[in-house]
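J.: One structure is given below, represented as structure tokens, and several questions about it will come after.
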Amino acid sequence: MSPVHARAVTAVAPAKINLHLGVGDLRADGYHDLLTVYRAVDLWEEVTVALAEPGGDGVRGETGARGRDSGSDDDDDEITVTVSGPGAGQVPADRTNLAARAVELLRSEAGSDARIAIHIRKGVPVAGGMAGGSADAAAALVATDRLLGLGLGRAALEERAARLGSDVPFCVRGGTALGTGRGEELATLLHARVEQHVVVALADGGLSTPVVFAELDRLRAERTDLPRAGGTESLVQALAGQDPAVVADLLVNDMEPAALSLMPALRRTLRAGEEAGALHGMVSGSGPTCLFFCGDREHAIRVAAEISETGVAREVRITHGPVGGARIIDGPGAG
Ligand code: C5P
């Protein structure tokens, strides 16, 4: 039975992939205009927000570390972060964490002085170009909204999400959507029903998103012949059809040359996927994760096994999309 007042709420939010990622020139505000087709896939971040007892220590993660070096604020203990799961050690467990920033945003909006303990269970590769940190923020927004009884609707949550990061609104919304602006302006593609089965090849190490954008600017200044993605009309049309192979032919990522320039070993990964018979292989977002699109789940299992055998990837997973956006899985009103 759900208590009337939540003491803890758990929400999940999905990873994203970009089926089309067209990057414009650097803007005056330091961002790039994007034209992208986002798709949410079945890899999830799980975030629990819990009201900590006054004077208590908050929740502790099994493998998590208490927030440290969180600045000189005297309210250091008001929000604590613990992290568990693959790559947890690389995630900041302080108030620079995007989930902590999401909680802080809603807490100050509510005028609340509640002490809130955040626990993050990682399911999305860290610094992998799949919006793991953005998914943390999305799940934290949805969970905190419920914990503090704010009752913000989807649109209001997405507006808060856009303040936290370009990919965060999409992690709230899920499905398949056209993204413009710096990626935060969304239009859901309701007819994008072709399901995709995707092999996800994780690399050793991560790539920083701003560093990859800067590398793209550098390459473009050097080489004016670098290809640029065109419009999304054909892809949108193909997504409304039946055939994953037609969709696969239209996938494009302007950031790929920059990710390959910073991490040349990814070329071997892409070659391995091609040799394994994937319909299409490409770098995911800013990388370094590589994606291999397959015809169906059985095809994906075969491709994943072959890529695994070559040893080019740190880890190989299979996923599929589209899936929904951030949602509460535990706490009042869950399910
Ligand atoms: O929006 P977010 O905080 O996730 O972006 C991180 C960084 O990635 C930005 O500070 C910017 O350097 C780069 N970025 C960009 N253009 C975008 C999105 C992100 O240049 N559309």
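J.: Quick one: which residues, 5 or more positions from ILE329 or on another chain, have an amide H under 5 Å from its amide H? H modelled 1.01 Å from N in the peptide plane, none for Pro or chain starts.
T.: Distant-sequence amide H within range of ILE329: THR10, ALA11, VAL12.
J.: Let me know the volume per residue of the alpha-carbon convex hull for segment 196-321, in Å³.
T.: 103
J.: Another question, if that's okay. Between ARG228 and ALA305, what is the label-to-label distance in nm when each label sits 7 Å out along the Cα-to-Cβ direction?
T.: Once both label points are built, they end up 4.5 nm from each other.
J.: Once amide H atoms are built 1.01 Å from N in the peptide plane, which residues 5 or more positions from VAL283, or in another chain, come under 5 Å H to H?
T.: LEU291
J.: Would you please give the residues with an amide H less than 5 Å from that of ILE79, counting only those at least 5 places away or on a separate chain, with H modeled from the backbone geometry?
T.: It is ILE116, by chain and number.
J.: For every other residue with a beta carbon closer than 13 angstrom to the beta carbon of GLY324, add +1 if it is Lys or Arg and -1 if Asp or Glu, then tell me the sum.
T.: +4
J.: Quick one: length gained pulling GLN237 to LEU26 fully straight, 0.36 nm per residue minus the C-alpha distance? Before the final figure, lay out each step's value.
T.: Values: separation 211, 0.36 × 211 = 75.96 nm, distance 2.91 nm.
Length gained, GLN237 through LEU26: 73.1 nm.
J.: Next question, about the same structure. Just how large is the dipole of segment 196-321 about the Cα centre, in debye to the nearest 20, putting +1 at every Lys and Arg Cβ and -1 at every Asp and Glu Cβ?
T.: Charge dipole of segment 196-321: 240 debye, to the nearest 20.
J.: What order, most packed first, do the peptides 273-285, 159-171, 300-312, 212-224 have when packing is the mean number of other Cβ atoms within 10 Å of each residue?
T.: Details: 273-285: 22.1, 159-171: 24.4, 300-312: 17.8, 212-224: 14.5.
My ranking of the peptides, most packed first, is 159-171, 273-285, 300-312, 212-224.
J.: Can you work out ³J(HN,Hα) from phi for every residue in segment 234-246, in order, using Karplus 6.51 cos²θ - 1.76 cosθ + 1.60 and θ = phi - 60°, giving whole Hz and x for Gly and Pro?
T.: Result, rounded to whole Hz: 5, 5, 4, 5, 5, 5, 7, x, 10, 10, x, 5, 5.
J.: Report ³J(HN,Hα) in whole Hz for each residue of segment 89-97, in order, from the Karplus equation J = 6.51 cos²θ - 1.76 cosθ + 1.60 where θ = phi - 60°; Gly and Pro get x.
T.: Coupling constants for segment 89-97: x, 8, 9, x, 9, 9, 7, 7, 4 Hz.
J.: May I ask for the net charge around LEU279, where only other residues with Cβ less than 12 Å from the Cβ of LEU279 are counted and Lys, Arg are +1 while Asp, Glu are -1?
T.: Neighbourhood net charge equals -4.
J.: Can you work out ³J(HN,Hα) from phi for every residue in segment 125-140, in order, using Karplus 6.51 cos²θ - 1.76 cosθ + 1.60 and θ = phi - 60°, giving whole Hz and x for Gly and Pro?
T.: Karplus values, whole Hz, x for Gly and Pro: x, 6, 6, x, x, 10, 6, x, x, 5, 5, 4, 5, 4, 5, 5.
J.: Using the number of other C-beta atoms within 10 angstrom as an exposure proxy, rank TYR31, TYR38 with the fewest first.
T.: Fewest-to-most ranking of TYR31, TYR38: TYR31, TYR38.
J.: What is the Cα coordinate range of the chain on the first, second and third principal axes, sorted by size from largest, in whole angstrom?
T.: Sorted from largest, the Cα extents of the chain read 58, 43, 38 Å.
FYI, it's all coordinate maths here, none of it is from the lab. Worth saying up front: this structure is predicted, and the values here are computed from it rather than measured. Glycine gets a Cβ as well: all are built from the backbone with ideal geometry, and neighbour counts include every protein chain shown.
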